[in-house]
Amino acid sequence: MDDALWSRLEAHQIGPADAPLGFAARLARENRWSEDFAQAVIGEYKRFCYLAMTAGHPVTPSDQVDQAWHLHLSYSRDYWRRFCPEVLGQELHHGPTSGSEEDRARFFEDYAQTLKAYEAIWGPPPEDIWSPAAERFGRQTRGFRTFPDRVIFLKDRAGIASLLFMMFVLLGMGFALGKLL
């Protein structure tokens, strides 16, 4: 293990320390996570960056780690002026998928290799942050971001059935009210 690199990664604080909404709080807010979970994701993001510098093969982040990376990239001065040159010692570019089947297969394999490299250094990765490759490039690839105050979430068939029942009740009430008027 490259102790100097890991020491720099552990010590690095993303963004200004005195910001009213710090990096972890913003990451938590934007992903609807607890701040404790966001802090755990930041720790895993640093582990991912360590692997990116030392694994010797392409690495791919978990979805949660990718969210931390995207947000860090938006702190562009920190990312490009401090983090890459001073902490990592080189640039770390984000290479999103083109959406092709070839890319999907490549990222699947890279992610599986990332999990193996992770486990060789730190042991099994936390499952709430690092999902299995089949899930990361299966169900999760169909995910999307939304504004929760603009939608209704129904987690299962029971929720859908309840919504339909309420709609029928309201329609029935509207029909009955119309007959009264």
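Overview of values
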| quantity | calculated |
| --- | --- |
| Any hit, segment 159-170, residues being at pLDDT 85 or above and over 25 Å from LEU71 (Cα atoms) | no |
| Selection count where residues are part of a helix (DSSP H, G or I) and more than 17 Å from TRP130 (Cα to Cα), scope segment 30-42 | 2 |
| Of residues in segment 19-30 being surrounded by fewer than 17 Cβ atoms within 10 Å (Cβ to Cβ) and within 13 Å of the chain's Cα centre (by Cα), the one farthest from ASP66 (Cα to Cα) | ARG29 |
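Quick grid of which residues meet (1) in a helix (DSSP H, G or I); (2) under 21 Å from ILE129 (Cβ atoms):
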site	(1), (2)
ALA25	yes, yes
ALA28	yes, yes
GLU44	yes, yes
PRO58	no, yes
HIS72	yes, yes
TYR79	yes, yes
ASP103	yes, no
PHE108	yes, yes
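The values are calculated or read from the model by the stated rules, or taken from the named source; none is laboratory data. What you see is a predicted model, and the numbers here were worked out from it, not measured in a lab. Quick reminder, even Gly has a Cβ in these numbers, built from the backbone with ideal geometry, and neighbours come from all protein chains shown.
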